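Enquirer: The structure that follows is given in the form of structure tokens.
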Amino acid sequence: MLRKSKMSLLFAFVLILSLFVSACGGSETGGGEDGKVELRFILNNDSPTLVEQIKEFEKENPDIKVNVEKIPLDQFFEKIETMIAGGRTPDLLYTPVLATQRYANMDLLLDVSGDLKEEKDDFLPSALVSVKNGDKVVGVPHFTDSIAVFYNKDLFENAGVKVPESIETTWNWEEFAAAAEKVKSANNLKYGVSTGSDVSQFLPFLYQNKGTVLSEDQKSAGINSESSIESIEFFKSLFDKGLASKESFIGSEKSDELFKQGQLPMVITFSGLINSFEKDIQGFEYGVTYLPKKEVTATKLGGANIVSFNETKHPKEAVKLMKYLTSEEKMAEFAAKEGVVPTRTSAQESVDYGAIDEGMQIIINEINSVPEFAVKDFSIPEYLGYKSILTSEMQSVILGEKSPQEAAESMEKQINNSVLKK
């Protein structure tokens with residue numbers, strides 16, 4: 001974890017920068033001329049659903065005005081750091097899961113433990129991991145998504161291959177590879193399965209074998225372990241056997257587009273693409289099935305949290321909006337429109353996904369089975385540092401430039417030296 005002394009150096013740097021850009025920042029919060037309480041809410045995306053729900057909140061609470069600012073994700077972290085250094089933190093922040101702990105570790109986030117007493121047990125334990133800071137709950141999980149397996153039903157039927165009917169009967173690694181081989185051969189295809197170039201699409205295999213990038217206490221690298229190396233070896237075997245596309249993994253071709261065109265029987269990709277697949281796929285039926293398992297069932301989660309800062313002048317109103325947006329009704333509405341998974345059990349039970357419901361229920365079942373150690377491993381600031389290391393080293397493995405053991409040793413050294421500063 002980053003130490004406060006090191007963070008103070010970052011603050012000093014960003015504070016200097018903030019002197020040049022402070023005039024360009026968002027409005028300060030406080031009381032408006034009409035007596036309304038004004039909240040400043042920064043979003044990291046452009047979700048029409050979320051913005052509409054915020055407007056509905058204002059109608060139901062005419063004494064509160066919410067000033068929404070949108071920062072593109074590629075500028076998000078730099079601008080938020082500038083605001084923090086300049087003492088201009090917003091009242092509310094819509095932040096990626098992996099970034100929440102960054103601000104929690106700096107003791108900047110509002111403790112909402114007392115405000116979630118009634119709702120806490122309704123949230124998925126895996127989702128709450130990313131908003132905990134010791135015994136405190138410093139935010140509210142809004143939605144989650146994952147890495148999932150989409151498959152071409154027509155190609156599978158032609159090959160006589162059936163997908164698992166439940167998470168309890170999902171394929172093991174060997175069965176998964178065998179299914180990919182059989183569908184590939186039966187349909188005379190180039191590949192049996194593919195991933196994109198994001199290393200997140202490898203992480204489920206790491207967690208399925210109880211491997212991790214970091215050690216249990218997260219103070220050192222844990223990737224150079226027997227279980228992690230075994231995961232790398234299996235993932236590499238999919239490419240060595242010609243089942244998966246090396247070009248897709250290094251980014252020179254797009255597996256999601258190949259799947260839409262009917263050229264891939266399976267693609268391991270982000271679950272949030274289900275709406276895109278539902279809209280764009282024509283000429284064949286697609287479905288969602290479970291990732292394989294080794295020691296455990298696991299995938300890599302994503303999503304976003306809503307947090308407030310200690311410095312807000314309106315904690316009561318900020319919490320009120322947080323609870324409104326993560327209520328069962330609003331969360332289910334958001335999830336249905338965005339094709340994502342609610343972080344509350346009650347919302348999962350009430351959400352109506354329409355045409356994508358069958359696939360979303362499989363995704364939900366898988367997400368609900370993710371062990372907490374897997375969430376803890378990546379939902380921390382250090383993920384931003386070690387992701388590029390994993391990407392580079394895994395590409396070297398897939399291209400045959402390094403063995404899994406050599407890559408694991410290199411990742412361990414780089415993570416310890418460059419990310420954890422050991």
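Enquirer: Here are VAL340, VAL307: which of them is under 18 Å from the mean Cα position of the chain (by Cα), within 19 Å of LYS55 (Cα to Cα) and not basic (Lys, Arg)?
Expert: VAL307
Enquirer: Can you tell me which residue in the stretch 71-104 is nearest to ALA374 (Cα to Cα), limited to those that are open to solvent by 40 Å² or more (accessible area, probe 1.4 Å) and not in a loop (DSSP other than H, G, I, E, B)?
Expert: ARG102
Enquirer: Ok, one more. Counting just the residues of the stretch 205-219 that are closer than 11 Å to GLU382 by Cα and of a type outside the set (Lys, Arg), which one comes out surrounded by the fewest Cβ atoms within 10 Å (Cβ to Cβ)?
Expert: That would be GLN218.
Enquirer: Tell me which residues, restricted to the stretch 46-66, are touching a Leu at 6+ places or on another chain (Cβ under 7 Å) and polar (S, T, N, Q).
Expert: Within the stretch 46-66, just GLN53 meets the criteria.
Quick grid of which residues meet (1) in contact with an Asp or Glu (Cβ under 6 Å, 6 or more places away or on another chain); (2) at pLDDT 95 or above; (3) open to solvent by less than 50 Å² (accessible area, probe 1.4 Å); (4) part of a helix (DSSP H, G or I):
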residue: LEU291; (1), (2), (3), (4): no, yes, yes, no
residue: ILE306; (1), (2), (3), (4): no, yes, yes, no
residue: THR312; (1), (2), (3), (4): yes, yes, yes, no
residue: GLU317; (1), (2), (3), (4): no, yes, yes, yes
residue: TYR324; (1), (2), (3), (4): no, yes, yes, yes
residue: PHE334; (1), (2), (3), (4): no, yes, yes, yes
residue: VAL370; (1), (2), (3), (4): no, no, yes, no
residue: LYS387; (1), (2), (3), (4): no, no, no, yes
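Enquirer: I've got another one for you. Has the stretch 32-44 got any residue that is under 14 Å from LEU93 (Cα atoms), at pLDDT below 95 and surrounded by fewer than 16 Cβ atoms within 10 Å (Cβ to Cβ)?
Expert: no
Enquirer: Please go through the stretch 261-289 and give me each residue that is buried (at least 23 other Cβ atoms within 10 Å of the Cβ) and in a helix (DSSP H, G or I), ordered by number.
Expert: Correct list: SER271, ILE274.
Enquirer: Against the definition (surrounded by fewer than 22 Cβ atoms within 10 Å (Cβ to Cβ) and either at pLDDT below 95 or part of a loop (DSSP other than H, G, I, E, B) (or both)), how does ASP121 come out, yes or no?
Expert: In short, yes.
Enquirer: I need the full set of residues from the stretch 124-153 which are farther than 17 Å from MET331 by Cβ and open to solvent by 20 Å² or more (accessible area, probe 1.4 Å), in order please.
Expert: Hits for the stretch 124-153 are VAL129, LYS132, ASN133, GLY134, ASP135, LYS136, TYR151, LYS153.
Enquirer: Right, something else. With respect to the numbered conditions (1) open to solvent by less than 10 Å² (accessible area, probe 1.4 Å); (2) closer than 19 Å to PRO371 by Cα, which one is the sole condition not fulfilled by THR195?
Expert: Evaluating THR195 over (1) open to solvent by less than 10 Å² (accessible area, probe 1.4 Å); (2) closer than 19 Å to PRO371 by Cα leaves (2) as the failure.
Enquirer: When you look at ALA127, is it under 19 Å from the mean Cα position of the chain (by Cα), more than 27 Å from GLY87 (Cβ to Cβ) and part of a helix (DSSP H, G or I), yes or no?
Expert: Yes; evaluated as a whole, the condition is true for this residue.
Enquirer: Within the group SER220, SER231, which residue is under 21 Å from the mean Cα position of the chain (by Cα) and touching a residue at least 60 places away in the same chain (Cβ under 8 Å)?
Expert: None of the other options fit; the residue is SER231.
Enquirer: What about ASN310, is it in contact with a His (Cβ under 8 Å, 6 or more places away or on another chain) and either over 26 Å from LYS376 (Cα atoms) or in contact (Cβ under 8 Å) with a residue 40 or more places away in the chain (or both)?
Expert: No: the conditions fail for ASN310.
Enquirer: From the list GLU175, GLU165, exactly one residue is farther than 30 Å from LEU98 by Cα, in contact (Cβ under 8 Å) with a residue 24 or more places away in the chain and open to solvent by 40 Å² or more (accessible area, probe 1.4 Å). Which is it?
Expert: Going through GLU175, GLU165 in turn, just one is farther than 30 Å from LEU98 by Cα, in contact (Cβ under 8 Å) with a residue 24 or more places away in the chain and open to solvent by 40 Å² or more (accessible area, probe 1.4 Å): GLU175.
Enquirer: Can GLU366 be described as within 28 Å of GLY287 (Cα to Cα) and touching a strand residue (DSSP E or B) at 6+ places or on another chain (Cβ under 7 Å)?
Expert: The answer is yes for GLU366.
Enquirer: Given SER392, SER346, which one is of a type outside the set (Val, Ile, Thr), open to solvent by 30 Å² or more (accessible area, probe 1.4 Å) and out of contact with any Gly (no Cβ under 8 Å at 6 or more places or on another chain)?
Expert: After applying the criteria, what remains is SER392.
Enquirer: If you go through the stretch 349-368, how many residues are under 16 Å from LEU124 (Cα atoms), in contact with a helix residue (DSSP H, G or I) (Cβ under 6 Å, 6 or more places away or on another chain) and open to solvent by 50 Å² or more (accessible area, probe 1.4 Å)?
Expert: 2
Enquirer: Just to be sure, is VAL112 under 25 Å from VAL288 (Cα atoms) and in contact (Cβ under 8 Å) with a residue 60 or more places away in the chain?
Expert: No; evaluated as a whole, the condition is false for this residue.
The values are calculated or read from the model by the stated rules, or taken from the named source; none is laboratory data. None of the values given here were measured: they were computed from a predicted structure. No Cβ is skipped: glycine too gets one built from the backbone with ideal geometry, and neighbour counts run over all protein chains shown. Please note that ligands, DNA and RNA were not included when accessible areas were found on the heavy atoms of the full protein model with its side chains. Shrake-Rupley method; radii C 1.70, N 1.55, O 1.52, S 1.80 Å.
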